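The values are calculated or read from the model by the stated rules, or taken from the named source; none is laboratory data. What you see is a predicted model, and the numbers here were worked out from it, not measured in a lab. Positions of Cβ are generated from backbone atoms using ideal geometry, with glycine treated the same way; all protein chains shown enter the neighbour counts. Just the protein is used for accessible areas: all its heavy atoms, side chains included, with ligands, DNA and RNA removed. Shrake-Rupley method; radii C 1.70, N 1.55, O 1.52, S 1.80 Å.
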Amino acid sequence: MAIDYGLYLIVAVMLFIIGAIGFIIRRNLLIVLMSLELMFNGANLAIVTFNKIWLLKGSSQLDGHIFVLVNIATATVELAIGLAIAVLVYRTFSTTKTDALDKLKK
Amino acid sequence: MEERIYVGEWALSLIILLPLSGVILNSFLLSWGGYILDLIFRWIINRVRLLGLFFKSVDKLLSKKYPDREKLPGIRSFLLRDEVLTSVSLGVVFTSFLLGLVLWIFHLNPLLEQNPQGFIKCLLWNWVIFNDENTPIIEVAFRFDRLSFIMIMVVTGVGFLIHLYSVGYMGSDKGYRRFFIYMNLFIFFMLVLVMADNLLVMFIGWEGVGLCSYLLIGFWYSQSTNAQAAKKAFIINRIGDAGFIIGMLIIAYATNSLEWVEIEKRLNQLTNLKIGGISLSALASLALFLGAIGKSAQFPLYVWLPDAMVGPTPVSALIHAATMVTVGVYMVVRLNFLYLSTPSVLAIVGGIGAGSALFSAIIATTQNDIKKVLAYSTISQLGYMFIGVGVGAFTGAIFHLVTHSFFKACLFLCAGVITYALKGIQDIRYMGGIKRGLPLIYWSFFSATLAIMGIPPTSGFFSKDDIIVKAYFTQLYSKIGDGEFSWLSNLYFVIGVVTSFITSFYMIRLFMLVFEGKEKFRRNISWQLHNGGFSMLFPILVLAFLSIFGGVKEWLEGAIPEPEFRVIPSKEIYIVILSIIISISGAYLAYTLYREPSLKKVRFFSTQFPFLYRLVYNRFWIDELFDLVIVRPMRFLANLLYKFIESLLIDGLVNLLGYLTLGISEIFRLILHGNGKLQRYVAYITIGFLVVVLYLGYPVTDIQAEMDTVGGLYIRLPAYPGYKFKLDFDGDGRWDEEVDFKTPTVYHKFNPGIYNIKIEITSNWGLKVLKNIRLELEE
């Protein structure tokens, strides 16, 4: 199969950049969390692609794939915690706008 | 011939994909599809003259015909109407049904004998591919053979009728569109399940129908009892599904495959491997049967089904009576070769089936909610099917599955009409006398009742007696051990007959209380079915017709391989007559008890044996037992873990970390002033990160030069991967040499003089930097 794995990497980078921009400019806490997931998945896709390229070059190691599985599990846990935090934020500040969360300044 | 198979494969995948496309199309129209269509139409109207004129005229016509409150453009408002959604979702199911029929005519019709293989396989794509060549590919493939054809007919046929019924039943509901999307999704997953070519694809359907069941039980989710019931169904099914996964893993481990054909070929590998004296095939089939217990609501995991009756009645009819709950039977029949290799497991299957049949039939005699009676009756009838499977009467079990789907769906739909007409009353103590108001429903219900009682010549008679007779004559259990368990078949036979007595009793009780006697409800009911009278009545009449005349076993004959039965015809006749007499006597008992309006005789029973009555009325306290044995200890343990492990240890640690961070950040806050907005900080971090990355991409200009004695200069360039270099030795503006990182050392000979050597370094990021070296060479 002649597939240009560079395209996979481009998709990965795009995912990551969309996620990063969303993370910075969106003001809804839930969408910020979703952007975080996008970044995660961009990174995961990149790792898997590199592993695939490696496999094509004759290696038989699947470390990248396994690492990504671990990553996905971690991302799930992280999202669960993130959602819990979002709920708590909503309870405390009664808003999910990130603009309101400037308590770090005091 | 070949071309025909090709077409067949396409039709095969279409059968499955059509309901899915219904789901997608309707969801699309429901969400932002309307707006996109609107945009497209507007664009066409503005840009393309001819088409635009056409669309405009259609638009005007439609907006005259369907004036809309929201003043949407005509085409869009037309596409967003309920009629469009209804016809899409009914249409796809019906087309699937027709396609299934066409496929059968072209490929599997035994008369034509065009397909000696007996099945068509359609490979959609390879799902999991391993590098290891010994491990097979897991395919997303579907299979069309006589068994799956029967199931497709039941799913899409009965499914279509119930869809049609729902048009009337759910007509005034706010969630009308959501309902039809869920129903189509259910049909899709159900078709995936019954047409799967391997266990994993079947599992997708298995989980999918579970999901749809959950969504539809909790359809009116704003009431907490409904949400609770949905959760209960889902969680209890998890137990069964865990069994299914374990069984699947065992089979995959031992036979290295999941396809039906491959498993059958390599059955030896399963039976030969043993753990602690038990063969893996027994373990696998037991584990898979646990899945069947959960999905088909058998003892002890049946408790979710009665609760599931809080969902809309069409759902109870389609999912919790006719199709989804029967997939356990289908699965065991599909894996008949596996189960036949371990008769002892089949004995357990039959035992669980017999237990559930008897147990839930007993419970059904005292319940007062019309739908709950029918739910317990469903469990009982499923128990029958498992008796059939357990004794090896696979054809009988599937046959009973089909006829049960007719008569039970009919009963449920009738119950739906009654509760609809009585504006929500479900308690049979407040019904009575409905015969006068709804004569057609009365006759339909009556014919379905005859079918479930097994009165000849209704369909239920043929299927039920097939199971009972084969339970008596089965040879399977004499193969277990030294034949010391062969009495089991007699036991199952006796339980089957006793259950048919109780079945007749509770069905006639239900029938008498609902339709006969005085009217006990105190509301003014106008006996007119409101909108959609046809859509509700037509399916009921068709199903009533089928429950009487649907008992045609011939087209099932030979679809499933079966063990041999030594049926003695002279004895068989006695058994059949016995079972008819017994079921009629049960009916007669109920008739005499419930004929009187005062129900004196019934009260006599409940007062004479109060404990027994309360035991049955409270469903043997099984729910409470589960609550006490499983739910409470679980809650207690969870509380314990929450209070000590979670709150103290984990939260303590996390809080400690938090306080630590707070403390440190307190210090930093004193030094720096931010605006406190985290995202601003993240932006700063990102910019900083980009700077670092750019710095990393900035070419390294680490050049070393070395002179030799004859005026030659070695230039060692930084050999990082991807770097390219251009060199200009004499300073005339033209590049003299271009190299890359693979040849990092350049040699050039100079005559004496002053040189301005220019080196352009391009990094792997494409960034360029120019480096000048001044060289003064004396003689």
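Which is of a type in the set (S, T, N, Q), part of a helix (DSSP H, G or I) and either closer than 18 Å to B:Phe505 by Cα or in contact with a Cys (Cβ under 8 Å, 6 or more places away or on another chain) (or both), of B:Thr395, B:Thr449, B:Thr419?
B:Thr449
Regarding B:Ile387, is this residue assigned to a helix (DSSP H, G or I) and surrounded by fewer than 24 Cβ atoms within 10 Å (Cβ to Cβ)?
no
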>> Yes or no: segment B:118-125 includes at least one residue that is out of contact with any strand residue (DSSP E or B) (no Cβ under 8 Å at 6 or more places or on another chain), among the aromatic types (Phe, Trp, Tyr) and at pLDDT below 90.
In response: no
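Given the structure, is B:Tyr642 surrounded by 12 or more Cβ atoms within 10 Å (Cβ to Cβ), in contact (Cβ under 8 Å) with a residue 24 or more places away in the chain and not aliphatic (A, V, I, L, M)?
no
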>> Between a residue in segment A:56-67 that is within 14 Å of another protein chain (Cβ to nearest Cβ) and any residue that is outside any helix (DSSP H, G or I) and open to solvent by 90 Å² or more (accessible area, probe 1.4 Å), which pairs come within a Cβ distance under 9 Å, given they are 6 or more apart or on different chains?
In response: A:Ser60/B:Asn131; A:Leu62/B:Asn131
>> Cβ contacts < 9 Å: first residue in contact (Cβ under 8 Å) with a residue 12 or more places away in the chain and in a helix (DSSP H, G or I), restricted to segment B:484-501; second residue open to solvent by 20 Å² or more (accessible area, probe 1.4 Å) and small (Gly, Ala, Ser), any location; separation 6+ or different chain. Result?
In response: B:Leu488/B:Gly351; B:Ser489/B:Ser478; B:Leu491/B:Gly351; B:Tyr492/B:Gly351; B:Ile495/B:Gly355; B:Phe501/B:Ser585
> Taking segment B:706-726, which residues are in a strand (DSSP E or B) and either loosely packed, with under 13 Cβ neighbours inside 10 Å or of a type in the set (Phe, Trp, Tyr) (or both)?
Replying inline: B:Glu706, B:Met707, B:Gly712, B:Tyr714, B:Phe725
> Which condition breaks for B:Leu62 when tested against (1) open to solvent by less than 40 Å² (accessible area, probe 1.4 Å); (2) modelled with pLDDT of 75 or more; (3) aliphatic (A, V, I, L, M); (4) more than 23 Å from B:Arg178 (Cα to Cα)?
Replying inline: (2)
> Where residues in segment B:172-221 are assigned to a loop (DSSP other than H, G, I, E, B) and of a type in the set (Gly, Ala, Ser), which of them is farthest from B:Leu20 (Cα to Cα)?
Replying inline: B:Ser172
> If you scan segment B:237-273, which residues turn out to be open to solvent by less than 20 Å² (accessible area, probe 1.4 Å) and not small (Gly, Ala, Ser)?
Replying inline: B:Asn237, B:Asp241, B:Phe244, B:Met248, B:Ile251, B:Thr255, B:Trp260, B:Ile263, B:Leu270
> From the list A:Ile81, A:Ile31, which residue is within 13 Å of chain B (Cβ to nearest Cβ), free of Cβ contacts under 8 Å to residues at least 24 places away in the same chain, surrounded by 13 or more Cβ atoms within 10 Å (Cβ to Cβ) and assigned to a helix (DSSP H, G or I)?
Replying inline: A:Ile31
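Restricting attention to segment A:84-95, report how many residues are closer than 24 Å to A:Asn41 by Cα and within 14 Å of another protein chain (Cβ to nearest Cβ).
The number of residues fulfilling the criteria is 3.
Residue check: is B:Tyr477 more than 24 Å from B:Gly551 (Cβ to Cβ), in a helix (DSSP H, G or I) and open to solvent by less than 30 Å² (accessible area, probe 1.4 Å)? If you could, list the steps in order and put the result at the bottom.
Numbers: more than 24 Å from B:Gly551 (Cβ to Cβ): yes; in a helix (DSSP H, G or I): yes; open to solvent by less than 30 Å² (accessible area, probe 1.4 Å): yes.
When the stated conditions are applied, B:Tyr477 passes them.
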>> Is it the case, given these coordinates, that A:Ile21 is in contact with a Ser or Thr (Cβ under 9 Å, 6 or more places away or on another chain) and within 11 Å of chain B (Cβ to nearest Cβ)?
In response: yes
>> One residue is enough: does segment B:132-146 have a residue meeting the conditions in a helix (DSSP H, G or I), in contact with a Phe, Trp or Tyr (Cβ under 9 Å, 6 or more places away or on another chain), in contact (Cβ under 8 Å) with a residue 12 or more places away in the chain and not charged (D, E, K, R)?
In response: no
> With respect to A:Phe50, is the statement that it is away from chain B (no Cβ under 12 Å), surrounded by 13 or more Cβ atoms within 10 Å (Cβ to Cβ), within 30 Å of B:Leu678 (Cβ to Cβ) and not acidic (Asp, Glu) true?
Replying inline: no
> When you scan segment B:650-662, how many residues do you find that are loosely packed, with under 11 Cβ neighbours inside 10 Å and away from every other protein chain (no Cβ under 14 Å)?
Replying inline: 3
> Do we have B:Glu666 as more than 10 Å from chain A (Cβ to nearest Cβ) and either touching a Ser or Thr at 6+ places or on another chain (Cβ under 6 Å) or acidic (Asp, Glu) (or both) here?
Replying inline: no
> In the set B:Gly240, B:Gly168, which member is in a helix (DSSP H, G or I), closer than 25 Å to B:Ile418 by Cβ and in contact with a Ser or Thr (Cβ under 9 Å, 6 or more places away or on another chain)?
Replying inline: B:Gly168
>> Which count do you get for residues in segment A:34-47 that are within 14 Å of chain B (Cβ to nearest Cβ) and either touching a Cys at 6+ places or on another chain (Cβ under 9 Å) or farther than 16 Å from A:Gly19 by Cα (or both)?
In response: 0
> Mind checking which pairs have a first residue in segment B:319-332 that is assigned to a helix (DSSP H, G or I) and a second that is open to solvent by 10 Å² or more (accessible area, probe 1.4 Å), Cβ under 6 Å, 6 or more apart or different chains?
Replying inline: none
> What number of residues in segment B:675-721 are within 14 Å of chain A (Cβ to nearest Cβ) and among the hydroxyl-bearing types (Ser, Thr, Tyr)?
Replying inline: 3
> Quick one: is B:Phe94 in contact with a His (Cβ under 9 Å, 6 or more places away or on another chain), under 15 Å from B:Asn198 (Cβ atoms) and at pLDDT 85 or above?
Replying inline: no
>> Looking at the structure I just gave you, is A:Lys103 within 30 Å of B:Ile667 (Cα to Cα), touching a Leu at 6+ places or on another chain (Cβ under 8 Å), within 14 Å of chain B (Cβ to nearest Cβ) and not β-branched (Val, Ile, Thr)?
In response: no
